[in-house]
Amino acid sequence: MKSKNRNSKIFQISLLLLFISTSIMKSQTLQTVPNVDITKYCGKWYEIASYPQSFQKGCHCTTAEYTLSDKGYVIVENRCNRDSVTGKQSYIKGKAFVEKNSGNAKLKVQFFWPFKGKYWIIDLADDYSYAVVSDPSMKYLWILSRTPKMDEALYKKITDRLKEKGFDLTKLKVTQQL
């Protein structure tokens, strides 16, 4: 009887410690990269993988193109092929505004006024060949590349870092590209 009671207490304590460690991990603020050169960041990006979102339902060959406007914001042009890699192209244009004192790593993206979404650059190659974007709630996640395909070893390193940051990799879906 004592052994069963003791095992039950150990189990309860283990659950409590697991809950506390998970809570601490989730309460940590998601960190962005320290600095982004917006001019280098501009250009075409291919979506390699993402957390599926309702506004991207049926998208294949997803790309994003960023252009610096003469008014200081970034023009955002997102495209995808609907329902297949050869499907009809879907297009949306928006604006992104850099948050002050963020090292240009935090932006607010607006496709429909007055709504703005948080766009945080949380991983970025030194040569700007790949980027990882999320938001503070970690509900959104995109792995982007300058090319439609990414080396498997690099993808694994990126996803390993995402796992360390607390992202659920089971929700990450690879994007079909041509």
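Bear in mind these aren't lab numbers, they're just calculated from the coordinates by the rules spelled out. All values reported here derive from a predicted model rather than from experimental measurement. Reconstructed Cβ throughout: ideal geometry from the backbone, glycine too, with neighbour counts over all protein chains shown.
General observations
- Distance in nm between pseudo-label sites at I38 and K57 (7 Å out along the Cβ direction from Cα): 3.4
- Where trypsin sites (Lys or Arg not before Pro) fall in DSSP loop in the range 84-120, at most 11 other Cβ within 10 Å: K88, K100
- For the range 29-37, Karplus couplings with θ = phi - 60° (6.51, -1.76, 1.60), whole Hz, Gly/Pro x: 6, 5, 8, 8, 5, x, 7, 10, 7
- Partners of K71 within straight-line reach, counting lysines whose Cα lies under 26 Å from its Cα and excluding those fewer than 8 residues away in the same chain: K40, K44, K93, K95, K100, K106, K108, K116, K118.
- Local charge for N78 was computed over the other residues whose Cβ lies under 10 Å away, with Lys and Arg +1 and Asp and Glu -1, and equals -1.
- Cα-Cα separations in the range 38-174 greater than 26 Å, expressed as whole percent: 20
- Hits among lysines - C-alpha to C-alpha of K157 under 21 Å, sequence gap 8 or more where chains match: K139, K149, K165, K171, K173
- Inter-label distance, nm, simple model (7 Å from Cα along the C-beta direction), F112/L68: 3.1
- Approximate spin-label separation E164-Q89, in nm, with each point projected 7 Å along Cα-to-Cβ: 3.9
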